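To start, the structure itself, in C-alpha cells.
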C-alpha cells in the first residue's frame with residue numbers, strides 16, 4: 001500500500017473548516033475574505049442594490065388601481081318609479097322629479113312591486129327590474145350611452161398609478 005492508494009472510508013465526510021477564530025491555524029484574521037471591500041464585510045441585506053433606491057421602495061405601496069374608465073350609474077328602484085304615478089318614465093322625468101342628476105346615467109333596480117303598466121326608458125336595467133316591469137305589462141327601452149366605446153378618463157395624470 002502506498003500513499004496514493006489511501007482514500008477516505010465510504011460515506012465519510014470531511015468537517016467544514018471553522019474560520020475567523022483568532023490567528024492560530026488557517027482562516028484567522030480576515031477569514032479567507034481578503035482585505036476590505038463589500039465582500040469582506042457582513043452579509044448585505046436581501047434587496048440591497050448598491051445604494052440605488054431598491055425596487056421595493058420604488059413601486060407604490062397600495063395595491064390595485066382606480067379604473068379611470070369606470071361607468072357609474074345612479075340607481076333608481078321600481079318602488080320609487082311607481083310612487084311617481086307616471087306611466088311614461090324617461091331619464092328626463094326622473095331628473096325633473098329629483099330621482100337622478102342632470103348628467104347621470106340611470107339604472108333601474110328591482111326593489112318593490114308594480115301594479116300599473118309602465119313604459120320605462122333608462123341607460124341600464126337589472127334582470128329583476130326588467131322581469132317585474134314586463135310581468136306588469138310594461139316595456140323597457142335601453143337608452144344609448146353618451147359615449148361610443150368608453151367614457152373619457154376621470155382624474156388627472158397623477159391618479160391611477
Inset, instruction - Residues that are in contact with a strand residue (DSSP E or B) (Cβ under 6 Å, 6 or more places away or on another chain): find the helices (runs of 4 or more DSSP H) completely inside the range 1-115 holding 1 or more of those. - result: 78-84, 91-96
Legend entry - the range 59-106, subset surrounded by 12 or more Cβ atoms within 10 Å (Cβ to Cβ) and farther than 20 Å from residue 125 by Cβ, residue modelled with the lowest pLDDT: 68
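The values are calculated or read from the model by the stated rules, or taken from the named source; none is laboratory data. This is a predicted model, so every value here is computed, not measured. Cβ sites come from the backbone with ideal geometry, for glycine too, and all protein chains shown count toward neighbours.
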